[in-house]
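Student: Here you go, one structure.
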Amino acid sequence: MSERIFIGVAWPYANGPLHLGHIAGAYLPADIFARYHRLKGDDVLMVSGSDQHGTPITIRAEQESKSPQEIASKYHQQFTGCWQKLGISFDLFTTTSTANHAQVTHDVFLTLLNKGYIYKDKMVEAYCSRCQRFLPDRYLEGTCPYCGFPKARGDGCDECGKPLDPSILEDVHCYLCSTPARFEVVEHFFLRLSAFQDRLKAWVKEQSHWRHSVLSTTWKFLHEGLRDRAITRDINWGVTVPQPGFEQKRIYVWFEAVIGYLAASKEWAKLHGDDTAWQPFWQGESKSFYFVGKDNIFFHTLIWPAMLMGYGGLNLPYNVPANEFLTIEGKKFSTSHNWAVWLPDYLERYDPDPLRYALAAGMPETGDSDFAWDKFVQRNNNELVATYGNLAHRILTFTYRNFNEMVPSPGVLDGQSQALLCKAETTLGEVDRALQRCNFREAIKYAMSLAQESNRYLDAQSPWKMIKETPEAAAKSSYTVLSVLSALKTVLYPFLPFSSEKLHTLLGFAGSVKKAGWKFEPPVPGQKIHQPQPLFIKLDDSVIAQETSRLGCISY
Ligand SMILES: [Zn+2]
Ligand SMILES: [Zn+2]
């Protein structure tokens, strides 16, 4: 029975290029999951967009003497180019600058206001008398009370990683001009998060299928007690506040960015000529998955569910399979130190599938994991090229040359061949169950273990030795391995879409893997195969030194 699956992926800030941490954290697992469900014949809607608001963008704009929209548009364009090259298959990747997004945000805001879940109150806010502006947290600089770092920001310390509050920063001053900040009492709107504490507790208790780390982070916040939070700011870049007297303020970015999931779904429906097409994913029988990094758990397991509960009539998240962080060569990503592998830079020089493979096989699902170039080259050469690519290339070349470019008739299969075909069938089920549970590393292991088993089978059978004396034995083993390859291109399609489609064509199947669906379909004897081409390219060991030396030097 087919399912309906909504996939929301964290909205990247359009203030800088994507790096591998973003990809391993949210975009790749979301795409693997979406491709898998589409293959199963499920109805999938996967959306996201660039987050064009918030102070990271205005700060970047001020640094580069550009308008925030210029900065946001530049990176939005870069993002969409990256998705295409890496094969991240969004149904819609939009932005938070659209009129639709503002309209949906206003609707949610006003509904929550009318129901009493949003209220007006006073708070203290920092002001710079020299710049004559209020200073959002990110615009405040001071000394971190925990580690003494003198350049900590109002929202957190980049040195020790602790989240901060402007009131606990020492020597707090304007980030732009260093003038000491003045604190003033101002009026803002607040989300009554505290009103949802009990409902959220009861709801989270039912989510035993969530990852352990996601549950423990969520419970930590619940045990501390949820506090109401300001949802408007004194800035001029963002979604307007639909209330008189608030013309100079904007909605806080964290409040409107999560609404983006709903807005993007509505935009997708309009673009597809059916304004109501979003409803089955949000109001009907459908499961909502949110792929985010671990720093985003709070917003997706508590804040967004509270907003949805308050709004009413929309599906709550079914799962938030948040990933941990990816380090690079043992060190934390750092944009300021250029300690990153930038995605556009990678994609200019290498193929997408080896990166998708390396990141999926080492995905930070249960703990932080590390990306290192020597490991990347090893995975490419030993696993993709030697185990999988060579298996395909050896048997396709052999069949092409010896069986008149056609899949041979296997005759009666012996026990060993039957056992391998049986394993192919079993692998389909194992990968299926692992992907269903968002266990991506486990899924890829099952798939590669089938490829390893097939290599052992092929070495034992050695059809190239049999072809002269007993061509029927060579035909049987060729057929068997070609059949296993057909299973491999299916189970590996969510991870390696480009090479899977290539192998599908080489094996002589019509159409695409995407159309063929999630099933084990051995080729038909007599099926014409195509002239073999390698699926993957072996990388020279010099890549390791070359890429490692670029770390810390390449900015994007
Ligand atoms: Zn200032
Ligand atoms: Zn600190």
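The values are calculated or read from the model by the stated rules, or taken from the named source; none is laboratory data. Since this is a predicted model, take the numbers as computed values, not measurements. Glycine also receives a Cβ, built like all others from the backbone with ideal geometry; neighbour counts cover every protein chain displayed.
Student: Give the residue, chosen from L302, L308, L271, L316, that is within 18 Å of T94 (Cα to Cα) and either of a type in the set (A, V, I, L, M) or under 17 Å from the mean Cα position of the chain (by Cα) (or both).
Tutor: Only one candidate qualifies: L271.
Student: Sort out which residues of the stretch 1-39 are surrounded by fewer than 22 Cβ atoms within 10 Å (Cβ to Cβ) and in a loop (DSSP other than H, G, I, E, B), and write them in order of number.
Tutor: If the condition is that a residue be surrounded by fewer than 22 Cβ atoms within 10 Å (Cβ to Cβ) and in a loop (DSSP other than H, G, I, E, B), then M1, S2, E3, P12, G16, P17 are the ones that fit.
Student: Starting from residues that are part of a loop (DSSP other than H, G, I, E, B) and at negative phi, keep the ones in the stretch 174-185 and report whichever is nearest to ligand 2 (Cβ to nearest atom). It would help to see each step written out before you state the result.
Tutor: Our first condition is that a residue be part of a loop (DSSP other than H, G, I, E, B); within the stretch 174-185, this holds for 175-179, 181.
Still in the list and also at negative phi: 175-177, 179, 181.
Details: Y175: 16, L176: 21, C177: 23, T179: 23, A181: 18 Å.
Checked the stretch 174-185; the qualifying residue nearest to ligand 2 (Cβ to nearest atom) is Y175.
Student: Somewhere in the stretch 200-209, is a residue under 29 Å from the mean Cα position of the chain (by Cα), among the acidic types (D, E), over 30 Å from R60 (Cα atoms) and more than 16 Å from ligand 2 (Cβ to nearest atom)?
Tutor: yes
Student: Being crowded, with 22+ Cβ neighbours inside 10 Å and free of Cβ contacts under 8 Å to residues at least 40 places away in the same chain is the filter here, so list the residues in the stretch 246-263 that pass it.
Tutor: Y252
Student: Among (1) surrounded by 13 or more Cβ atoms within 10 Å (Cβ to Cβ); (2) within 16 Å of ligand 2 (Cβ to nearest atom); (3) more than 21 Å from R229 (Cβ to Cβ), where does K151 come up short?
Tutor: Here K151 meets the rest and fails (1).
Student: Go through the residues of the stretch 186-198 one by one and say whether even a single one is farther than 26 Å from G367 by Cβ and either assigned to a loop (DSSP other than H, G, I, E, B) or within 16 Å of ligand 1 (Cβ to nearest atom) (or both). Spell out how you get there, then give the answer.
Tutor: So the first thing to find is which residues in the stretch 186-198 are farther than 26 Å from G367 by Cβ, and the list is 186-198.
Still in the list and also either assigned to a loop (DSSP other than H, G, I, E, B) or within 16 Å of ligand 1 (Cβ to nearest atom) (or both): 192.
Within the stretch 186-198 (the criterion being farther than 26 Å from G367 by Cβ and either assigned to a loop (DSSP other than H, G, I, E, B) or within 16 Å of ligand 1 (Cβ to nearest atom) (or both)), the answer is yes, since at least one residue qualifies.
Student: Just name the residue that is farthest from ligand 1 (Cβ to nearest atom) out of those in the stretch 99-152 that are within 17 Å of I251 (Cβ to Cβ) and in contact with an Asp or Glu (Cβ under 7 Å, 6 or more places away or on another chain).
Tutor: N100
Student: Please find, within the stretch 260-307, the residue that is nearest to R192 (Cα to Cα) out of those that are hydroxyl-bearing (S, T, Y) and either touching a helix residue (DSSP H, G or I) at 6+ places or on another chain (Cβ under 7 Å) or part of a helix (DSSP H, G or I) (or both).
Tutor: Per the criteria, the residue is T301.
Student: State the number of residues belonging to the stretch 527-548 that are part of a loop (DSSP other than H, G, I, E, B) and of a type in the set (D, E).
Tutor: Here the count works out to 2.
Student: Of everything in the stretch 157-173 that's assigned to a strand (DSSP E or B) and under 19 Å from M123 (Cβ atoms), which residue is nearest to ligand 2 (Cβ to nearest atom)?
Tutor: Among those residues, the one meeting the criterion is P163.
Student: Out of all the residues in the stretch 203-224, which are within 17 Å of M309 (Cα to Cα) and outside any helix (DSSP H, G or I)?
Tutor: Scanning the stretch 203-224 gives E206, Q207.
Student: Between residues in the stretch 217-245 that are more than 19 Å from V104 (Cα to Cα) and in contact (Cβ under 8 Å) with a residue 60 or more places away in the chain and residues that are among the β-branched types (V, I, T) and part of a strand (DSSP E or B), which pairs lie under 7 Å by C-beta distance while being six or more apart or on different chains?
Tutor: Pairs found: D234/V186.
Student: Can you spot a residue in the stretch 342-350 that is touching a Phe, Trp or Tyr at 6+ places or on another chain (Cβ under 7 Å) and over 27 Å from V253 (Cβ atoms)?
Tutor: So far as the stretch 342-350 goes, yes, one or more of its residues are touching a Phe, Trp or Tyr at 6+ places or on another chain (Cβ under 7 Å) and over 27 Å from V253 (Cβ atoms).
Student: Name the residues in the stretch 215-247 that are touching a Pro at 6+ places or on another chain (Cβ under 7 Å) and either closer than 22 Å to V320 by Cβ or among the hydrophobic types (A, V, I, L, M, F, W, C) (or both), would you? Spell out how you get there, then give the answer.
Tutor: Filtering the stretch 215-247 for residues touching a Pro at 6+ places or on another chain (Cβ under 7 Å) gives 233, 235, 237.
Within the stretch 215-247, I235, W237 meet the criteria.
Student: List the residue pairs whose Cβ atoms are under 9 Å apart, where the first residue sits in the stretch 171-191 and is closer than 22 Å to T232 by Cβ, the second is polar (S, T, N, Q) and not in a loop (DSSP other than H, G, I, E, B), and the two are 6 or more positions apart or on different chains.
Tutor: V172/T143; F183/S167; E187/T232; H188/T232; F189/T232; F190/T232
Student: Of all helices (runs of 4 or more DSSP H) completely enclosed by the stretch 431-507, which ones contain at least 2 residues that are surrounded by 23 or more Cβ atoms within 10 Å (Cβ to Cβ)?
Tutor: On the way: elements: 440-461, 463-466, 471-491, 497-506.
Because the criterion is at least 2 residues that are surrounded by 23 or more Cβ atoms within 10 Å (Cβ to Cβ), the helices (runs of 4 or more DSSP H) in the stretch 431-507 that meet it are 440-461, 471-491, 497-506.
Student: Out of (1) buried (at least 20 other Cβ atoms within 10 Å of the Cβ); (2) among the aromatic types (F, W, Y); (3) at pLDDT below 95, what's the single condition that is false for W518?
Tutor: (3)
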